[in-house]
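Everything on this sheet refers to the single structure shown next.
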Amino acid sequence: MPLDQHADDAGAANIGLGYSLNSALLKAAFGIGSGATGAMLAMSDYVPGAKLQAATAMQAIRLGFGLLPATLLVLAAWMIVFARVDPDARAPNTSES
C-alpha cells in the first residue's frame, strides 16, 4: 500500500499539507497550553525560584501540568472517535483528461 493513496488515485500529494497542518496546530497547541498554564500561575501566588510554594500555586501547577492537558487529551480523543468519516468519499480523479 502506498504511503499516500490519494496521490496515486488523484495525482495530488497531500502528505506535505498534512504534515504542515499538523506542525502548525502542534505549535499553536503548545503556545496556548503554555499561555494557559502561565496565566494560572500568574493568578495564583506562584513565586519563581522559591523553594516552597503557596497552596494555591501548587494547585495551579497541578492543574496546569496535569488536569488541563488530560482534559484536553480526552476531548481530542472523543472528537476523533466520534468524527463522522465517510470511507467511500474520495476526491475526483483529476489526473485523467
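With a simple spin-label model that places each label point 7 Å from the Cα along the Cα-to-Cβ direction, the separation between TRP78 and ALA39 comes to 2.0 nm.
Near the amide H of ALA54, within less than 5 Å, lie the amide hydrogens of VAL47, all on another chain or at least 5 residues away, with H placed in the peptide plane.
Using the per-residue mean of other Cβ atoms lying within 10 Å as a proxy for protection, in what order, highest first, do the peptides 47-54, 31-38 fall?
31-38, 47-54
Compute the Rg to Rh ratio over segment 13-81 from the alpha carbon atoms, using the Kirkwood formula for Rh, and round to two decimal places.
Numbers: Rg = 16.0 Å, Rh = 14.0 Å.
That ratio is 1.15, to two decimals.
Evaluate the distance, in nm, between pseudo-label points positioned 7 Å from the Cα of TYR19 and of THR71 along their respective Cα→Cβ axes. Rounded to a tenth, the inter-label distance reads 3.5 nm.
Read the figures in this text as sums done on the coordinates, not as results from a lab. These numbers were taken from a predicted model, which means no experiment stands behind them. Backbone-built Cβ (ideal geometry, glycine too); neighbour counts: all protein chains shown.
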